[in-house]
Amino acid sequence: MDLVGWTNDRLVAERVARLPQSEWVYGTPNASIVMAAFLHVASGGMRFNRPELGAWYASDDIRTAAAEVGHHLRREASARSVPTMSRTYRTYTATLLGDYLDIRGQQTKYPDIYASDRYDASQQFGEDVRASSDAGILYISLRHQSGSNVVAFRTRNITDIVQEDHFEITVSATDRTIDIRKLS
């Protein structure tokens, strides 16, 4: 079913139609990476977006990105009842244009948005920001103590995308250790 969903013209057209045509990006290096972030969404959505339409998530530091990715990989390992899980990831750099709502350091003001065990309030908040004129949200990482993240809601504000390094991330379903190995 998943494979058919990726290749079925009708289903692909439905997925692409979720994003207004004025926000489609094409004809620039790595435009497909941006489009994929918005169109291939986790079934439950993510912190600041619902499952209907994705967003571009990024971190200010590779350690923060690895902690965020490792957390979600661990959740998957736990849900699949496998003791460990490894995946290879590519890193990208990009320039983000626009004005971003900055909620860093406001965890006490927004406890529901910063809840580590649920996304209902943060998804509503994110979709409200998407509907406004803000380009996205700057927020503190819940997975890396000193890290900051950004979620961008406007495809055309994500420019100069360059593929960088490859990493293998391995997690255990039962402990908080994240093993990261840079690949040559």
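Take the Cα gyration tensor of the chain, multiply each eigenvalue by 5, square-root it, and list the three semi-axes largest first, rounded to whole angstrom. Could you put the intermediate results ahead of the total?
Details: eigenvalues 119, 94, 63 Å².
One finds semi-axes of 24, 22, 18 Å for the chain.
Could you give each residue of the stretch 150-164 its phi-based ³J(HN,Hα) in whole Hz, using Karplus coefficients 6.51, -1.76, 1.60 with θ = phi - 60°, and x for Gly or Pro?
9, 10, 9, 9, 10, 4, 6, 8, 9, 10, 6, 6, 10, 6, 10
Using a Förster distance of 25 Å, how high is the FRET efficiency between ASP175 and ASP102, based on the Cβ-Cβ distance and rounded to 0.05?
Details: r = 33 Å, r/R0 = 1.33.
Between ASP175 and ASP102 the formula returns 0.15.
Of the peptides 40-50, 151-161, how do they stack up when ordered by the mean number of other Cβ atoms within 10 Å, highest first?
On the way: 40-50: 16.5, 151-161: 19.8.
Most protected by this proxy first, the peptides run 151-161, 40-50.
Modelling each spin label as a point 7 Å along the Cα-to-Cβ direction, I'd like the LEU183/ALA31 distance in nm, to one decimal.
That separation, rounded to one decimal, is 2.7 nm.
Using 0.36 nm per residue, how much length does the chain from ASP61 to THR93 gain when fully extended, once their Cα-Cα distance is taken away?
Gain on stretching ASP61 to THR93: 10.5 nm.
Every read-out reported here was derived from the displayed coordinates using simple, explicitly stated rules and does not represent laboratory data. The model shown is predicted, which means the values in this text are computed figures rather than measured ones. Virtual Cβ from ideal backbone geometry, glycine too; neighbours counted across all protein chains shown.
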